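The values are calculated or read from the model by the stated rules, or taken from the named source; none is laboratory data. Treat the numbers as computed from the prediction; the structure is a model and nothing was measured. With ideal geometry, Cβ positions are generated from the backbone for all residues, glycine too; neighbour counts draw on all protein chains shown. The accessibility values were calculated without ligands, DNA or RNA, using every heavy atom of the protein model including side chains. Shrake-Rupley method; radii C 1.70, N 1.55, O 1.52, S 1.80 Å.
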Amino acid sequence: MTHTNHVMKVDIVDSEAQIFSGEAEFLVAPASEGEIGVYPHHIALISKLKSGVLRLQLPNEQFQLVFAISGGFMEVKANHVTILADILQRTEALDEAKVIEQKNIAKSRLRNTEHNDKRELAKAHAALEIAIAQLKAVEYIKKHRV
């Protein structure tokens, strides 16, 4: 059984569903000004998140849960962290070759889209950001789970 002084409540949701709800010993998130580590009883804060790797250390687990996140917001308050993600994906579900292909398709869309088509440019840019975040997550897993 975990001691409550050493854990915090974490809720992670994206635009479609609740992704995670439970306890964590700490988490590391890609804040707009760089990575931020949050431990139990952290000072209250709200931070914008950029695309990158979100990691959670669960109690009594050897490995961290690792997600690719495309951006969003994080609130820390009263030993409770809430992450509202634009797009979030667990790394176990990622196929590196497919992600590289998606990244190349997004780059091609950016190159070939008319500059006055703001909506299509925004979609292509978002697809590129999530592909880059997914590749970062895959690289993190490969490096830390040898």
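Could you list, in sequence order, the residues of the range 81-96 that are open to solvent by 70 Å² or more (accessible area, probe 1.4 Å) and under 10 Å from Leu135 (Cα atoms)? Spell out how you get there, then give the answer.
Looking only at the range 81-96, we keep the residues that are open to solvent by 70 Å² or more (accessible area, probe 1.4 Å), and these are 84, 86-87, 90, 92-93, 95.
Result: Asp95, single match.
For Ile100, are the conditions met, namely being of a type in the set (A, V, I, L, M, F, W, C), under 30 Å from Asn5 (Cβ atoms) and either open to solvent by 40 Å² or more (accessible area, probe 1.4 Å) or not in a helix (DSSP H, G or I) (or both)? Write out each step before concluding.
On the way: of a type in the set (A, V, I, L, M, F, W, C): yes; under 30 Å from Asn5 (Cβ atoms): no; either open to solvent by 40 Å² or more (accessible area, probe 1.4 Å) or not in a helix (DSSP H, G or I) (or both): yes.
Spelling it out, it is not the case that Ile100 is of a type in the set (A, V, I, L, M, F, W, C), under 30 Å from Asn5 (Cβ atoms) and either open to solvent by 40 Å² or more (accessible area, probe 1.4 Å) or not in a helix (DSSP H, G or I) (or both).
Restricting to the range 73-89, count the residues that are over 13 Å from the mean Cα position of the chain (by Cα) and at pLDDT below 95.
Step one: list which residues in the range 73-89 are over 13 Å from the mean Cα position of the chain (by Cα), which gives 75-81.
Next, only the ones that are at pLDDT below 95 stay: 78.
Residues that pass the stated criteria total 1.
Out of Asn116, Asn112, I need the residue that is of a type in the set (S, T, N, Q), out of contact with any His (no Cβ under 8 Å at 6 or more places or on another chain) and modelled with pLDDT under 80. Which one?
Values: Asn112 fails: modelled with pLDDT under 80.
After applying the criteria, what remains is Asn116.
Could you tell me which of the residues Ala29, Ala17, Ala44 is open to solvent by less than 40 Å² (accessible area, probe 1.4 Å) and either touching a strand residue (DSSP E or B) at 6+ places or on another chain (Cβ under 9 Å) or among the aliphatic types (A, V, I, L, M) (or both)? Even if it seems obvious, please write down each step before you answer.
Working: Ala17 fails: open to solvent by less than 40 Å² (accessible area, probe 1.4 Å); Ala44 fails: open to solvent by less than 40 Å² (accessible area, probe 1.4 Å).
Sole residue among the options that is open to solvent by less than 40 Å² (accessible area, probe 1.4 Å) and either touching a strand residue (DSSP E or B) at 6+ places or on another chain (Cβ under 9 Å) or among the aliphatic types (A, V, I, L, M) (or both): Ala29.
Restricting to the range 56-71, give me the number of residues that are under 14 Å from the mean Cα position of the chain (by Cα) and outside any strand (DSSP E or B).
Qualifying residue count, the range 56-71: 3.
Are there any strands (runs of 3 or more DSSP E) wholly within the range 5-45 with 2 or more residues that are of a type outside the set (Lys, Arg) and over 14 Å from Val81 (Cα atoms), and if so which? Walk me through how you get there before you give the answer.
Numbers: elements: 8-13, 18-24, 26-31, 34-38.
In the range 5-45, 34-38 are the strands (runs of 3 or more DSSP E) which contain 2 or more residues that are of a type outside the set (Lys, Arg) and over 14 Å from Val81 (Cα atoms).
Across the range 104-146, what is the number of residues that are under 20 Å from Asp14 (Cβ atoms), open to solvent by 40 Å² or more (accessible area, probe 1.4 Å) and free of Cβ contacts under 8 Å to residues at least 40 places away in the same chain?
Here the count works out to 3.
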